[in-house]
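Input: a single structure, listed below in structure tokens.
Derivation of every value follows stated rules applied to the coordinates shown; laboratory data play no part. The model shown is predicted, which means the values in this text are computed figures rather than measured ones. Virtual Cβ from ideal backbone geometry, glycine too; neighbours counted across all protein chains shown.
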Amino acid sequence: MNDADRHAYFAADWLSLREPVDHAARAESLTAAAADWLAGQADATYRIIDLGAGRGSNLRYLAPRLPARQHWCLLDHDRGLLDTTRAEADRCTDANGGPVTIETRTLDLASADLEAALDGAKLVSAAALFDLVTQDWIERLARACARRGAAVLFVLSIDGHIDLAPAHADDAVVFDLLAAHQQRDKQFGAALGERAPAVLQQAFEARGYTVTRRSSPWQIDRTQSELGAALIEGWRSAACEQAPQAAARIDDWAKARIRALRRGELAMSVGHEDMFATPGS
């Protein structure tokens, strides 16, 4: 992943900006299903692995909605983001208001060490990760989870559905370029982009999992204009990188869309999907 991509998608400011909309979008029924599944396990402590944990948004959402006796292992390549999360860990509680234990580990998820990091996992989770990875990487993850009998809860994978209302004549041009850019190398190899939800389902079903998918779209209007403007700017940057010869046209599109959003004249729906899957007996 180049420095521009890393800044656009993983900088702490961006992660903080998107967190409230992420949490509002998530499919609550799948979180409840994960909580019920964990409660039915006999383990003294539930070991939960969070892949690409970043600043701990997934932890902050899930911990208070899951049963007691949680031990979280947060994996990310960025030590600075993990240190920030670690400093805030004392605020995390389980569904009963009790403490959760947390460890952090700096890990390149593309490395050969990923499988060993999943040892002991009862639940493997990740948020906004799988559009960045390859099908081979997902197949590898599915094999590792199946060997350990771990359930999985993967949320906020982009599905390619973007609806801006009212429409603009250049929406389709920009979003076609964005879809192509999302399948470029994001550190793991040629990324899946919007194909990620279907590939996840196929990989886990092939290993005997029972899979449930739910839509979890972002809904953005003037009240989230800072996030919306940052998102449009990210789309503009990606589209220009994909088609530099069209940069002036793309820039004009982005300026018009941001103005409309800030005036309360634009509503945005950005499609994502969540998936919960349990291993076969």
Checklist entry - Got a sec to turn the phi values of segment 242-257 into Karplus ³J(HN,Hα) couplings, 6.51 cos²θ - 1.76 cosθ + 1.60 with θ = phi - 60°, whole Hz, x for Gly and Pro? => result 6, 9, x, 5, 9, 4, 5, 5, 5, 4, 4, 4, 5, 4, 5, 5
Checklist outcome for this item: Summing -39500 (n - 2.57) over every DSSP H run of at least 4 in the chain, dividing by its residue total and rounding to the nearest 500, the 222 nm mean residue ellipticity is -13000 deg cm²/dmol
Checklist outcome for this item: Simple SL model, points at 7 angstrom along Cα→Cβ for T223 and T101; separation in nm is 4.1 nm
Checklist outcome for this item: Row for segment 83-165, column shape: gyration tensor on C-alpha, a ≥ b ≥ c, rounded if a/c < 1.5 i.e. under 1.5, prolate if a/b over b/c, else oblate; value oblate
Checklist entry - Can you run phi through the Karplus equation (6.51, -1.76, 1.60; θ = phi - 60°) for segment 141-157 and list ³J(HN,Hα) in whole Hz, with x for Gly and Pro? => result 5, 4, 4, 5, 5, 5, 4, 9, x, 8, 6, 9, 10, 10, 10, 6, 8
Checklist entry - Among 244-252, 272-280, what's the highest-first ranking by average C-beta atoms within 10 angstrom per residue? => result 272-280, 244-252
Checklist entry - Given H placed on each backbone N at 1.01 Å, which residues far from A53 in sequence or on other chains put an amide H within less than 5 Å of it? => result L75, D76
Checklist entry - Whole-Hz Karplus ³J(HN,Hα) for segment 57-74, in order, using 6.51 cos²θ - 1.76 cosθ + 1.60 and θ = phi - 60°, x for Gly and Pro? => result 4, 5, 4, 5, 6, 7, 3, x, 10, 10, x, 5, 6, 8, 10, 9, 10, 9
Checklist entry - What order, most packed first, do the peptides 191-199, 261-269 have when packing is the mean number of other Cβ atoms within 10 Å of each residue? => result 191-199, 261-269
Checklist entry - For the peptides 213-222, 68-77, what is the packing order when you average, over each peptide's residues, the other Cβ atoms within 10 Å and list the highest mean first? => result 68-77, 213-222
Checklist outcome for this item: Counted neighbours (other Cβ, 10 Å), sorted fewest up, put V100, V133 in the order V100, V133
Checklist outcome for this item: Between D83 and R263, the FRET efficiency computed from the C-beta separation at R0 = 51 Å comes out, to the nearest 0.05, as 0.80
